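The values are calculated or read from the model by the stated rules, or taken from the named source; none is laboratory data. Predicted model only: the values in this text are computed from it and were never measured. Because the Cβ atoms are built from the backbone with ideal geometry, glycine has one as well, and the counts that use them run over all protein chains shown.
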Amino acid sequence: MFMLRCWLCLLLGCVWLPPAQAADRLALIVAGLDKQIYLPVRLASQLGYFREQDLEVELQSEASGANAEDVLLVGAAQGVVGAYHHTLDLQARGKAAQAVVLFTLSPGEVVLVGARLAGVINSPADWKGRRLGVTGLSSVTHLLTHALASRQGLKPQDYTVLPVGSGAAFAAALREGRIDAGMSSEPLASSLVQSGEARVLVDLRTPEATQKALGQGYPFAALYLQSAWISSHLGEVQRLVTALVKALRFIQQRSPAEVASALGLQGDEAALYARALGESRAMFSPDGLMPEAGPQQVLSLATRVNRPQRERRLDLSRTFTNDFVRQANARLGPMAGP
């Protein structure tokens, strides 16, 4: 066939070139594409960093990280952009998954209380008998809610947890009084506070605020994939991580307003996004590396509030790897200043 094409090209006086190789296609499930904690994956897509790595990446949004686990397991996507904690949960279910790049050093979440209860609910100690919103049952927002309550001496039976999703669904639940308080993320949290519909009850947006609220650190947003898929697609994983590390660097090197502009936001929406990012940018990892103490911190919080988790022996070394991130930083070279 090759010789036939060459002969035809010579006959017709043309030059034949082999077809360009198509970019590798991947699908990533994002546990809330509009959430600021997952900003690096949006930037990598918007700024063309995936295309630079010969990748065509489809981003699919899923309201709950717990649901995203199941999407990954059935093979509907190659990876999940969600909470690192889910790699522990998957191992406890007999499944092997690894985080390959860390986005945030803290949850980036905010517990909001409805304005109608301002002055009534002043801390998690006031949650007794209340309805609390989380993205989904068994989600990390569910786990963090239990952790905050337990630090105040409350037990799960003292309050009601309702799965209300995120984004507009969460806002509607708070607005309509179906929940009294709940855990949300930026930029929705700032929008609800700015409109006067809610106020901040607990801040988990930065490492410092998280340490104060939880009594420990808690690395959160990451990209994780099934371990078997990683082993058989090392090249694709490396290129994927390199694009995402480049996006993390963009967040560090540009102003919040420039980041909002890069996402295509304008007007009041851009101003709100930039203000929220300015207040919480410290949550983003500058290099994508998992801190040495990070996995144990995540496990210790889970075992504190989850009895079945205490009974499981997990191999944390199999839930993450820094190898791809180290290689990505080496390829990209030293990071320039802001």
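Structure summary
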quantity: Breaking point among (1) surrounded by fewer than 24 Cβ atoms within 10 Å (Cβ to Cβ); (2) under 17 Å from VAL140 (Cβ atoms), for LEU102; calculated: (1)
quantity: Residue within region 87-101 that is under 26 Å from GLY278 (Cβ atoms), touching a residue at least 40 places away in the same chain (Cβ under 8 Å) and either within 16 Å of the chain's Cα centre (by Cα) or assigned to a loop (DSSP other than H, G, I, E, B) (or both) present; calculated: yes
quantity: Residues located in region 271-310, provided they are closer than 14 Å to LEU39 by Cα, crowded, with 17+ Cβ neighbours inside 10 Å and among the hydrophobic types (A, V, I, L, M, F, W, C); calculated: ALA274, ALA276, LEU277, MET283, PHE284
quantity: Given (1) in contact (Cβ under 8 Å) with a residue 60 or more places away in the chain; (2) under 18 Å from the mean Cα position of the chain (by Cα), number of the condition GLU208 does not satisfy; calculated: (2)
quantity: Matching helices (runs of 4 or more DSSP H) fully within region 238-338 where at least 1 residues are closer than 30 Å to ALA149 by Cβ, outside the structural domain of VAL200 (by TED's automatic domain parsing) and touching a residue at least 12 places away in the same chain (Cβ under 8 Å); calculated: 267-280, 294-305, 307-310
quantity: Any hit, region 13-25, residues being under 16 Å from ALA243 (Cα atoms) and at pLDDT 95 or above; calculated: no
quantity: Residue list for region 150-192, filter: over 23 Å from the mean Cα position of the chain (by Cα), among the small types (Gly, Ala, Ser) and not in a helix (DSSP H, G or I); calculated: GLY153, GLY177
quantity: Residue that is farthest from LEU174 (Cα to Cα), among those in region 111-138 that are part of a strand (DSSP E or B) and touching a residue at least 60 places away in the same chain (Cβ under 8 Å); calculated: VAL111
quantity: Evaluation of SER261 against (1) crowded, with 16+ Cβ neighbours inside 10 Å; (2) small (Gly, Ala, Ser); (3) out of contact with any Asp or Glu (no Cβ under 9 Å at 6 or more places or on another chain) (one fails), failing number; calculated: (1)
quantity: GLN78, sole failed condition from (1) of a type outside the set (Lys, Arg); (2) closer than 29 Å to ARG178 by Cβ; (3) touching a His at 6+ places or on another chain (Cβ under 9 Å); calculated: (2)
quantity: So GLY136, is it outside the structural domain of ALA68 (by TED's automatic domain parsing), at pLDDT 95 or above and either in contact with a Pro (Cβ under 8 Å, 6 or more places away or on another chain) or under 16 Å from LEU204 (Cα atoms) (or both); calculated: no
